[in-house]
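Student: The structure's right below; bear with me while I get my questions together.
The values are calculated or read from the model by the stated rules, or taken from the named source; none is laboratory data. Small disclaimer: the values here were computed from a predicted structure and weren't measured. Cβ placement follows ideal geometry from the backbone for every residue including glycine, while neighbour counts extend to all protein chains displayed. We work out accessible area using only protein heavy atoms, side chains counted, and drop any ligands, DNA or RNA first. Shrake-Rupley method; radii C 1.70, N 1.55, O 1.52, S 1.80 Å.
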Amino acid sequence: MEKTYITTAIPYVNGAPHVGHAMDYLLADVCARFFENSRFQAGTDEHGNKIFQKAKELNIPVQEYVDNNSKKFQDFIRRLGVEYTDFVRTTDPDHERRVQEIWKKLNDHIYLSKYEGWYCTGCERYVTEKEYEENHGVCPDHQKPYEKLEEENYYFRLSDFKDQIREAIESRKMTILPEFREKEILKLIEESPDVSISRPKSQLTWGVPVPGDESQVMYVWMDALSNYITVLGYPEKDISDSWPAYAQFVGKDILRFHAILWPAILLALRLELPRNIVSHGMVLSNGQKMSKSIGNVIDPIEVLDKHGTEAFRYFFLRHIDTFSDSDFTWEKFEDAYNNELANDLGNLIQRLATLCKKNNFELNGPVELSINHESNALMGQFRYKEAFDMIWEEVQAVNKKIDEDKPWVLAKEGDTKKLNEVLNNEVMDILTVAILLKPFLPETAKKIEKIFNSGKIEPPKEPLFPKNK
Ligand code: MSP
């Protein structure tokens, strides 16, 4: 049976996760929960100099260092309530062997050549002379000066595939989202030179050896991008029940690798291109990209310990824009928690369940609701924040309806028929909200269903989102 295959970028393990890393996982999780029968990959990117140097600095054997950090990411993903089905580590021998097989299959498009240029270890890529000048010699993302490198490397002949990639984008076989980024990529394809896909062993030891050349190690991106198919068992296994991916989630900073180099590799392997590449914006801290290299990171575990998984998901899926950059501040987080989760939703549940109990209202159920909501169209276009906004309007509408229906007045007047009718409508509405909330707040949705869709209705002993003092 065919699966809806959903992927996330695999983070470097040169440190613990920060809140920015949550974006890939949360967006992909919303997507996976929205579709049934999905396959969901996550993983860790464990090779390269950045990681090697960090482990050395800390005086920890590299493998032990990446083992520890990979575990931190796995724990983090679980704490986000994200349910992946497959996990890949690039130091896993299965992955390493498969990447070497992939390299061999690319042979016709690979050549050896000398290169001199500017390199950023933070980005793990060469920058063009134009970029070097525009940025005055310093990487804006990592705030480190570019290094001059001169090396003999293997190159992947990107030029063999540029026309096909452009055609795939223009004909919508492969869609890049949001649309304005697709336009940027179309421009960038023209300017993209062939890609260096190896480094001399003297420069990089922590990586997958190039098959047939002891002196070279694979470039991390070559190794990392392949994870999306090695995790499925490629090349020894038939991957057609999962590949092509339905959606690949990545940050905008690494879109170029996914929208240009990755499709070129796939074309060279004669595999289909992913249907959608969804690039999200950055979580900022004081207006700057949150990053380990800059050192302005917020520890997600602190946020999770304080407010729990559902509040974390709520904030990052509704108050961090899906496609553009948004600032994280504790103040914004606390406001959203108190005013929206605790007031709008938590109180609503408490209030409605109490009204039902007090008036002995019981649902003639459980009921099976089938809903066709406007937000589904947005969900289909990956516009999750907008969809979530629309669902929250329903939450507010139920609150308003209760205010207007005034069930307590009907109870006082003894109008039982009308009272039961309005309570029934309100309960149906809250159950509709629960279904819509499922991809975003799965545990909350479950709790709402348990309270209201079970015949006898009891308010929860503890409010779902207790207010912070
Ligand atoms: N290892 C590469 C990805 C290889 S995928 C074949 C990498 N790692 S990373 O750790 O730098 O980033 C992992 C993911 O987290 C990327 O999608 C990246 O865009 C995302 N984010 C990293 N910092 C982020 C924010 N501050 N905000 C939002 N997303 C962030 O790139």
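Student: Give the ranking of 199, 89 by solvent-accessible surface, highest area first, calculated with a 1.4 Å probe. If you can, show how the numbers build up before the last one.
Tutor: Details: 199 10, 89 55 Å².
I get 89, 199, largest accessible area first.
Student: Quick one: check the C-alpha center-to-center distance for the stretch 413-469 versus the stretch 278-351, whole angstrom.
Tutor: After rounding, the separation between the Cα centres reads 25 Å.
Student: May I ask which residue of 25, 69, 138 lies farthest towards the positive end of the charge dipole of the stretch 4-281, with charges of +1 (Lys, Arg) and -1 (Asp, Glu) on Cβ and the Cα centre as origin?
Tutor: My answer, from the dipole projection, is 25.
Student: Contact order normalised by length for the chain, with contacts defined as Cα pairs under 8 Å and 6 or more residues apart; what percent is it? Mind dumping the intermediate values first?
Tutor: On the way: 719 pairs, mean separation 79.8, N = 469.
After rounding, I find 17 percent.
Student: Place +1 on the Cβ of every Lys and Arg and -1 on the Cβ of every Asp and Glu in the chain, take the dipole about the Cα centre, and give the residue among 399, 115, 198 whose Cα lies farthest towards its positive end.
Tutor: 399
Student: What is the stretch 328-452 by shape, rounded, prolate or oblate, if you read a ≥ b ≥ c off the alpha carbon gyration tensor as root eigenvalues and call it rounded for a/c under 1.5, prolate for a/b larger than b/c, and oblate otherwise? All intermediate terms of the calculation are to be shown ahead of the outcome.
Tutor: Numbers: a/c = 2.20, a/b = 1.56, b/c = 1.41.
Since a/c reaches 1.5 and a/b is larger than b/c, the shape of the stretch 328-452 is classed as prolate.
Student: Can you give the accessible area of residue 88, probe radius 1.4 Å, in Å² rounded to 10?
Tutor: The accessible area of residue 88 comes to roughly 10 Å².
Student: Send over the Kirkwood Rh of the stretch 135-268, from the inverse of the averaged 1/r over different Cα pairs, rounded to one decimal Å. Walk me through the numbers before you get to the answer.
Tutor: Working: mean 1/r = 0.0599 Å⁻¹.
For the stretch 135-268, the Kirkwood estimate is 16.7 Å.
Student: Projected onto the charge dipole of the chain (+1 at Lys/Arg Cβ, -1 at Asp/Glu Cβ, origin at the Cα centre), which of 298, 346, 257 gives the Cα projection farthest towards the positive end?
Tutor: My answer, from the dipole projection, is 346.
Student: Normalising by the residue count of the stretch 4-281, find the relative contact order in percent from Cα pairs under 8 Å and 6+ residues apart. Write out the running numbers ahead of the final one.
Tutor: Values: 458 pairs, mean separation 64.5, N = 278.
Dividing the mean separation by the residue count of the stretch 4-281 yields 23 percent.
Student: Is there a quick way to get the dipole size of the stretch 328-452? I mean about its Cα centre, with the Cβ of Lys and Arg at +1 and of Asp and Glu at -1; what is the value in debye to the nearest 20?
Tutor: Working: 16 positive and 22 negative charges, 81 e Å.
Dipole size: approximately 400 debye.
Student: Order 141, 403, 213, most accessible first, counting only protein heavy atoms with a 1.4 angstrom probe. Each step should come with its number before you reach the end.
Tutor: Working: 141 55, 403 75, 213 30 Å².
The most accessible residue leads, giving 403, 141, 213.
Student: Give, rounded to the nearest 20 debye, the magnitude of the charge dipole that the chain has about its Cα centre when Lys and Arg contribute +1 at Cβ and Asp and Glu contribute -1 at Cβ.
Tutor: On the way: 60 positive and 77 negative charges, 196 e Å.
Here the size comes out at about 940 debye.
Student: Tell me, rounded to the nearest percent, the portion of alpha carbon pairs in the stretch 221-330 spaced more than 25 Å apart.
Tutor: Details: 2324 of 5995 pairs.
In whole percent, the share of Cα-Cα pairs in the stretch 221-330 beyond 25 Å is 39.
Student: Dipole size in debye (nearest 20) for the stretch 164-211 around its Cα centre, Lys and Arg Cβ +1, Asp and Glu Cβ -1?
Tutor: 240
Student: Continuing with the same structure: Accessible area of the stretch 328-452 with a 1.4 Å probe: how many percent of it is carbon plus sulfur? Could you put the intermediate results ahead of the total?
Tutor: Values: 2870 of 6220 Å².
Accessible surface attributable to carbon and sulfur in the stretch 328-452 totals 46 percent.
Student: Counting only DSSP beta bridges with both residues in the chain, what percent are antiparallel, rounded to the nearest 5? Numbers along the way, then the final one.
Tutor: Working: 23 of 44 bridges.
The antiparallel proportion sits near 50 percent.
Student: Would you pull out the residues with amide H under 5 Å of residue 201's amide H, same chain only if 5 or more places away, H placed 1.01 Å from N?
Tutor: Residues meeting the criterion, in which the H sits 1.01 Å from N, are 216, 217.
Student: If a/c stays under 1.5 just call it rounded; otherwise compare a/b with b/c (prolate if a/b is bigger, oblate if not). Do that for the stretch 4-281, with a ≥ b ≥ c from the square roots of the Cα gyration tensor eigenvalues.
Tutor: Details: a/c = 1.29, a/b = 1.10, b/c = 1.17.
Rounded, since a/c falls under 1.5.
Student: Now for a separate question. Report the dimensions of the stretch 30-173 along its three principal axes from the alpha-carbon atoms, largest first, rounded to Å.
Tutor: Its Cα atoms span 50, 45, 33 Å along the three principal axes.
Student: Can you list which of the trypsin sites (Lys or Arg not before Pro) found in the stretch 227-320 are DSSP loop residues with at most 15 other C-beta atoms within 10 Å? Please list the in-between numbers first.
Tutor: Working: sites: 237, 252, 256, 270, 275, 289, 292, 306, 313, 318; in loops: 237, 270, 275, 292.
Those that pass, being in a loop and sparsely packed, are 237, 270.
Student: Which of the cysteines in the chain are isolated, no other cysteine C-beta under 4.7 Å?
Tutor: So, 31, 356.
Student: Just check the stretch 1-68 against the gyration tensor rule for me: Cα atoms, a ≥ b ≥ c as the square roots of the eigenvalues, rounded for a/c under 1.5, and otherwise prolate or oblate depending on whether a/b exceeds b/c.
Tutor: Prolate is the answer for the stretch 1-68, as a/c is 1.5 or above and a/b outweighs b/c.
Student: Just to confirm, what accessible area per residue do you get for the chain at 1.4 Å probe, in whole Å²?
Tutor: On the way: 21010 Å² over 469 residues.
On a per-residue basis, the chain sits at 45 Å².
Student: Could you give P(r) for the chain, binned at 10 Å from zero, as whole percent values over all Cα-Cα pairs?
Tutor: Each 10 Å bin holds this share of Cα pairs: 4, 18, 27, 23, 13, 8, 4, 2, 0.
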